[in-house]
1. Quick check, is residue 130 without any contact (Cβ under 8 Å) to a residue 60 or more places away in the chain and assigned to a helix (DSSP H, G or I)?
2. Just give me the residues in the stretch 11-37 being over 30 Å from residue 83 (Cα atoms) and within 15 Å of the chain's Cα centre (by Cα), in sequence order.
3. Restrict the check to the stretch 202-215 and report whether at least one residue is under 22 Å from the mean Cα position of the chain (by Cα), closer than 27 Å to residue 153 by Cβ, at pLDDT 70 or above and surrounded by 13 or more Cβ atoms within 10 Å (Cβ to Cβ).
4. Residue under question is residue 157, and the condition is that it be at pLDDT below 75 and in a helix (DSSP H, G or I); does it hold?
5. Are any residues in the stretch 288-312 touching a residue at least 60 places away in the same chain (Cβ under 8 Å), in contact with a helix residue (DSSP H, G or I) (Cβ under 7 Å, 6 or more places away or on another chain) and within 30 Å of residue 201 (Cα to Cα), and if so, which ones?
6. Can you say whether residue 55 is out of contact with any strand residue (DSSP E or B) (no Cβ under 6 Å at 6 or more places or on another chain) and either in contact (Cβ under 8 Å) with a residue 12 or more places away in the chain or surrounded by 15 or more Cβ atoms within 10 Å (Cβ to Cβ) (or both), as far as the supplied structure shows?
7. Could you list, in sequence order, the residues of the stretch 272-284 that are touching a helix residue (DSSP H, G or I) at 6+ places or on another chain (Cβ under 9 Å) and over 20 Å from residue 41 (Cα atoms)?
8. Can you tell which of 31, 118 is modelled with pLDDT under 80, under 30 Å from residue 137 (Cβ atoms) and either assigned to a helix (DSSP H, G or I) or in contact with a strand residue (DSSP E or B) (Cβ under 7 Å, 6 or more places away or on another chain) (or both)?
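The values are calculated or read from the model by the stated rules, or taken from the named source; none is laboratory data. The structure displayed is predicted, hence computed values, not measured ones. Glycine also receives a Cβ, built like all others from the backbone with ideal geometry; neighbour counts cover every protein chain displayed.
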């Protein structure tokens, strides 16, 4: 049992290493994407805090700053955030496309050198699914995977800014909601994992069935037993549909957004009490609720980015297991001795052409 567990861990580590080997072929894009995530998150959090500080300053009787200049600076920060976010999106999609291209090249190169026993065992439709759908899912995961870690980075920075800028009592109110938020995100991922991974194999089954229906020998069989073949295809489609419905049921129960809305409402009520007691200002309450509101958009990204992440790792595992299933047959080119190039010309000497006596049927040759 322990040996089986060790083999499972090793295979998991192997396909993850293989995946990141292709990702790290483009290190500049990868680290640019990570830096972009941090910058977008930071600018997204700084703007609400600055708005809260401005509200507190405006309510002071001795306020003398240029309000138009402050608004212009905030608008400039907002434009900068949008530009960085767009650049991060484009870098992520470029990284995903290049990773897919690199993996596709290795996949095709590897499949071409597989022994005949490999091609006898595997189905053509399964290879088609691996070469098209699975590789595309990996591309989507790499492109959208950065958005899965957005909320976690943003939550950590938000708690740090709140602890640094606001009262510790405010942070103590936010922390339970943050713990619930992370718990529900992890539970959502755990429940969605089996269905997202199974969707890849179900899609491959449909491809296999369609490919078999195009097989010349199978066409004749289909005409002879049309109802049986139709039932087979219907069962495959129903299995895919059933898995898809179960996947959507899990996605419908997405509680992290509910936790954020509950935190905003609780903070609004508690904040009003704190303002009356003099524990916090209107600007602090505004900044805190705006910080919580900024978590809504990245949390909505988790809704579909989680599926992309799970599907991408599942597709990588399927691709890697196919590539490493059997040893390749490489030609031993180093044993072939190439003859040196010979300069000169070929000359025939004492060559006779004998033509048999065939009478009238004797062939006629034109003079060259």
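1. no
2. The answer is 15, 16, 18.
3. no
4. Against the criterion (at pLDDT below 75 and in a helix (DSSP H, G or I)), residue 157 qualifies.
5. Those that are touching a residue at least 60 places away in the same chain (Cβ under 8 Å), in contact with a helix residue (DSSP H, G or I) (Cβ under 7 Å, 6 or more places away or on another chain) and within 30 Å of residue 201 (Cα to Cα): 298, 299, 301, 302, 305, 306, 307, 308, 309, 310, 311, 312.
6. In short, yes.
7. 272, 274, 275, 279, 280, 281, 282, 283
8. Result of the check over 31, 118: 118.
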